[in-house]
Amino acid sequence: MSNLTSRFFKGVQLTRNEIWQSFRPNQGNKPKGGNWDTGYTIEGDELIAFLNIGAVGRTGYDFENAYDSETELVTWFRKPNSHSKQPTFTKLLDRNLKSHFFARWDSKNTKFTYLGLGRILSFQDDFPIENDQKQFAL
């Protein structure tokens, strides 16, 4: 288990590169492309989820991600064609991955606000969204 969890404080705003450097302090800047530039990535036993809320992502997807600041409930829609039987989600459902949630409300903003560590309360496979893609909601 990583000892890096204490580096993130709810409400702090960080760029993807700053988050990358928290996990890989001696590896310089984050490379362009790949999982670090999409909806989520895994570092060891930790999942780092990047959510756009109320904003179309840079890939053109407009997921109905949401965050209720009073209850701290996150609704997270996963990438197309993902489902609960995939290894990443099996690990999440079995609580073998910690999940860090970072959100932004403007996709032009390079900083994400740390919402905290999450745990799954419910999930649904094959959740339809407007463009008929199948998504995974946590």
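Where a number appears in this text, it was derived from the coordinates with a stated rule and is not lab data. Note that the structure is a prediction, hence the values are computed from the model and not measured.
Below are the figures for this structure:
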item	result
Distance violations [Cα-Cα > 19 Å] among LYS30/LYS85; LYS10/LYS91; LYS32/LYS111; LYS10/LYS98	LYS30/LYS85; LYS10/LYS91
Computed over the range 17-93: relative contact order in percent, which uses C-alpha pairs under 8 Å that are six or more apart	14 percent
